[in-house]
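Novice: Take this structure, written in structure tokens, and hold onto it; I'll ask about it next.
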Amino acid sequence: MKRFYIETFGCQMNVHDSEKVIGTLEQRGYVQVQSPEEADLILYNTCSIRDKAEQKVFQRLNENRRARGKIFGVLGCVAQQEGERIFEKAPHVNLVVGSASYPRLAELLVQIEQGGRRVTGLSLDTDSTFETPVTRRDNPYRAYITIIEGCDKDCAYCVVPFTRGRERSRRSESVLEEARTLAGMGYTEIQLLGQNVNSYRDPSDPARTFAPLLEAVAQVPGIRRVRFTTSHPRDFGRDIVEVIDRNETICNMVHLPVQSGSTRVLERMQRQYTRDQYMQRIEWLKNTRRKISLSTDIIVGFPGETEEDFEQTLRLLDEVEYDQVFSFKYSPRPNTPALLLDGQVPEEEKSRRLMILQEKQRSIQLRRNTAQIGSVQEVLVEGYNSSTGQWIGRTTENRVLNFVTRPRADGSQPSREEMFGRYLPVRVTRAGPNSLAGECAIAV
Ligand code: SAH
Ligand code: SF4
Ligand code: F3S
């Protein structure tokens with residue numbers, strides 16, 4: 001028996017890639033274990049989006065550099081970015097594979113099994129996507145489906161075009177087949193994935209863009225919730241807003257990364273839209289019949305960002321009123337054009353801006369979440385917190401809503417089997433900046 005351990009860093013694309021890698025390994029007779037000590041093969045699926053993320057994998061490799069008789073593999077974005085340099089930095093590594101080479105993973109494993117010492121899969125030329133017949137999914141209700149891989153935008157700060165290669169869309173028919181199969185297996189929530197889902201184009205029929213694909217997935221019988229991530233504002237067309245508005249199964253939420261509220265900074269970032277163009281998309285989303293919750297990503301301290309630019313970002317937060325903001329200090333990354341820009345912002349200044357921004361957003365979220373008190377919202381029950389005695393649910397807007405059930409006449413409690421995976425109405429009674437609390441509105 002061959003035992004493997006895998007740890008995943010980074011975005012949902014990586015999480016889902018790991019699910020597929022696990023499927024491929026299990027198909028070859030490997031068994032997953034929960035600690036590196038028990039494993040013969042140790043894999044790290046890595047992220048290189050910011051320097052901190054990249055450092056994590058080298059820390060891990062350093063921690064177990066003395067382990068004997070084990071095979072180490074580095075997968076994902078650091079693998080693609082650093083390539084064979086990883087063997088120099090961590091000589092006990094045997095396998096380095098970027099995500100564009102996962103379709104060859106089984107073949108690379110054979111080389112490892114035959115005693116290969118330094119096996120690599122680093123080509124970015126492949127135009128195939130990573131489709132595997134056996135995918136092990138970690139969540140029993142929500143399933144990820146990749147619709148497009150790679151990224152053709154060249155944002156000045158970003159490593160993704162280097163680590164994941166050019167854009168490649170999957171055929172719509174293949175996506176829909178997977179959605180139907182998942183619905184048949186009992187999954188009710190689907191999340192469509194890609195670095196830039198809006199530039200999706202069916203390779204066998206370029207007229208089939210993202211909006212019709214989204215609508216077709218939303219109409220698969222049995223699917224109750226569809227989410228998608230990530231959207232690039234430039235390619236986010238009105239047709240997508242219309243599809244969301246007329247299909248109730250598409251969740252009331254859109255993640256639309258703005259990065260900065262200043263047109264000058266956006267231009268330096270090569271984002272290909274202005275503040276006004278971004279705000280026009282927000283207008284479309286605010287004028288739908290259903291209320292749509294908005295979230296975004298922001299980078300503070302991009303080279304050349306002045307105090308006035310930063311204040312424009314703060315004003316944008318007030319104007320849009322997001323329900324969630326993922327904010328980061330600019331981190332200089334290898335190969336990216338932003339390295340050559342002047343006006344690098346000192347670390348302390350980046351930290352100061354980040355704190356101000358996060359403080360502002362926290363109060364916006366608290367205010368918006370407090371306004372939910374008294375409403376009844378449908379949640380998908382995903383967990384139970386035994387220390388607080390609350391069930392953990394998620395609303396269509398992707399908010400966590402912790403709740404209790406009404407006491408039963410006989411004093412018994414509903415079991416986890418009864419509750420997990422159910423959709424229930426919950427009345428909101430309390431709110432914090434990051435979550436809501438409530439009580440189930442019906443007897444269970
Ligand atoms: N494809 C997605 C984003 C992927 S990366 C998109 O275009 O929106 C997720 C987020 O990480 C980005 O939106 C950005 O806010 C942040 N990020 C990317 N590169 C970064 C860098 N060099 N420094 C700091 N944050 C970065
Ligand atoms: Fe990176 Fe820009 Fe592509 Fe997003 S759209 S992955 S930020 S290059
Ligand atoms: Fe990180 Fe690669 Fe995703 S760099 S954010 S794991 S695409």
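Here, each number is a calculation from the coordinates, and none is a lab measurement. What you see is a predicted model; the values in this text were computed from it and never measured. Positions of Cβ are backbone-derived with ideal geometry, glycine not excepted, and every protein chain shown enters the neighbour counts.
Novice: Could you run the Karplus curve 6.51 cos²θ - 1.76 cosθ + 1.60 with θ = phi - 60° over the range 392-398 and give me ³J(HN,Hα) per residue in whole Hz, x for Gly and Pro?
Specialist: 3J(HN,Hα) across the range 392-398, in whole Hz: 10, x, 10, 7, 4, 7, 6.
Novice: Per the Kirkwood treatment, what hydrodynamic radius in Å, one decimal, follows for the range 2-121 from the mean inverse distance over all distinct Cα pairs?
Specialist: 14.0 Å is the Kirkwood radius here.
Novice: Report D for the chain in µm² per second (integer): Stokes-Einstein, Kirkwood Rh on Cα pairs, 10 °C, 1.306 mPa s.
Specialist: After rounding, the answer is 68 µm²/s.
Novice: What does the convex hull of the Cα atoms of the range 315-356 come to per residue, in Å³, rounded to a whole number?
Specialist: 110 Å³
Novice: Still on this structure, I have one more. Order 191-198, 64-71, 274-281, 8-15 from most to least packed using the mean count of other Cβ atoms within 10 Å.
Specialist: 191-198, 8-15, 274-281, 64-71
Novice: Treat each spin label as a single point 7 Å out from the Cα along the C-beta direction, and report the GLN55 to ARG234 distance in nm.
Specialist: The two pseudo-label positions are separated by 3.2 nm.
Novice: Each residue of the range 289-299 in order: what ³J(HN,Hα) in whole Hz does its phi give by Karplus 6.51 cos²θ - 1.76 cosθ + 1.60, θ = phi - 60°, with x for Gly and Pro?
Specialist: Each residue's phi maps through the Karplus curve to give 5, 8, 6, 10, 7, 10, 9, 8, 10, 9, 10 Hz.
Novice: Going by the alpha-carbon gyration tensor, a ≥ b ≥ c the square roots of its eigenvalues, is the range 110-174 rounded (a/c under 1.5) or, if a/c is not under 1.5, prolate (a/b greater than b/c) versus oblate?
Specialist: Oblate is the answer for the range 110-174, as a/c is 1.5 or above yet b/c matches or exceeds a/b.
Novice: Per q in 0.08, 0.10 1/Å, what log10 I(q)/I(0) does a Debye calculation on the alpha-carbon atoms of the range 142-370 return?
Specialist: -0.31, -0.49
Novice: Full extension from HIS92 to SER128: what is 0.36 nm times the residue separation minus their Cα-Cα distance, to one decimal in nm?
Specialist: 9.9 nm
Novice: Within the range 374-395, find all residues whose amide N lies under 15 Å from a label point positioned 7 Å from the Cα of GLU418 along Cα-to-beta-carbon.
Specialist: Residues passing the 15 Å test: 391.
Novice: Can you give the net charge of the other residues whose Cβ lies under 15 Å from the Cβ of CYS47, counting K and R as +1 and D and E as -1?
Specialist: Summing Lys/Arg as +1 and Asp/Glu as -1 gives 0.
Novice: Could you work out which residue, out of VAL426, VAL159, VAL134, moves most in a Gaussian network model of the chain, that is, has the largest mean-square fluctuation with Cα springs under 10 Å?
Specialist: Highest fluctuation among the options: VAL134.
Novice: Using the count of nearby Cβ atoms within 10 Å as a rough guide to exposure, how do LEU214, LEU75, LEU366 rank from fewest to most?
Specialist: Listed from fewest to most nearby Cβ atoms, that is LEU366, LEU214, LEU75.
Novice: Excluding ALA441 itself, what net charge comes from residues whose Cβ is under 11 Å from its Cβ, given Lys and Arg +1 and Asp and Glu -1?
Specialist: So the surrounding residues net to 0.
Novice: Next question. Averaging over all projection directions, find the projected area of the Cα convex hull of the range 376-440 and quote it in nm² with one decimal place.
Specialist: That works out to 4.4 nm².
Novice: For a distance above 24 Å, tell me the whole-number percent of Cα pairs in the range 236-352 that qualify.
Specialist: Counting pairs separated by more than 24 Å, the tail of P(r) holds 31 percent.
Novice: Which cysteines does the chain leave without a neighbouring Cys Cβ under 4.7 Å?
Specialist: Result for the chain is CYS11, CYS47, CYS77, CYS151, CYS251, CYS440, no neighbouring Cys Cβ within the cutoff.
Novice: As an exercise, use a Förster radius of 30 Å and the Cβ-Cβ distance of GLN280 and ARG427 to find the FRET efficiency, rounded to the nearest 0.05.
Specialist: Efficiency, rounded to the nearest 0.05: 0.25.
Novice: Which value does Rg/Rh take for the range 77-155 over its C-alpha atoms, Rh per Kirkwood?
Specialist: Looking at the range 77-155, the ratio lands at 1.02.
Novice: With θ taken as phi - 60° and the coefficients 6.51, -1.76 and 1.60, list the Karplus ³J(HN,Hα) couplings across the range 373-386 in order, rounded to whole Hz; mark glycine and proline as x.
Specialist: These are the phi-based 3J(HN,Hα) values: 4, x, 7, 10, 10, 7, 10, 9, 6, 10, x, 9, 9, 6 Hz.
Novice: Mean residue ellipticity at 222 nm from the helices of the chain, using -39,500 (n - 2.57) per DSSP H segment of n ≥ 4 over the full residue count, to the nearest 500 deg cm²/dmol?
Specialist: The per-residue figure over the chain is -10000 deg cm²/dmol.
Novice: For a paramagnetic label modelled at 7 Å from the Cα of MET185 toward its Cβ, which residues of the range 27-52 fall within the zone defined by backbone nitrogen distances under 14 Å?
Specialist: Counting only backbone N, you get 27.
Novice: Relative contact order of the chain: what whole-number percent is it, with Cα pairs under 8 angstrom and at least 6 residues apart?
Specialist: Here the relative contact order equals 10 percent.
Novice: Please report the antiparallel percentage of the DSSP beta bridges confined to the chain, to the nearest 5.
Specialist: So the antiparallel bridges amount to about 35 percent of the total.
Novice: Can you tell me what share of the DSSP beta bridges in the range 379-444 is antiparallel? A percent to the nearest 5 is fine.
Specialist: 75 percent
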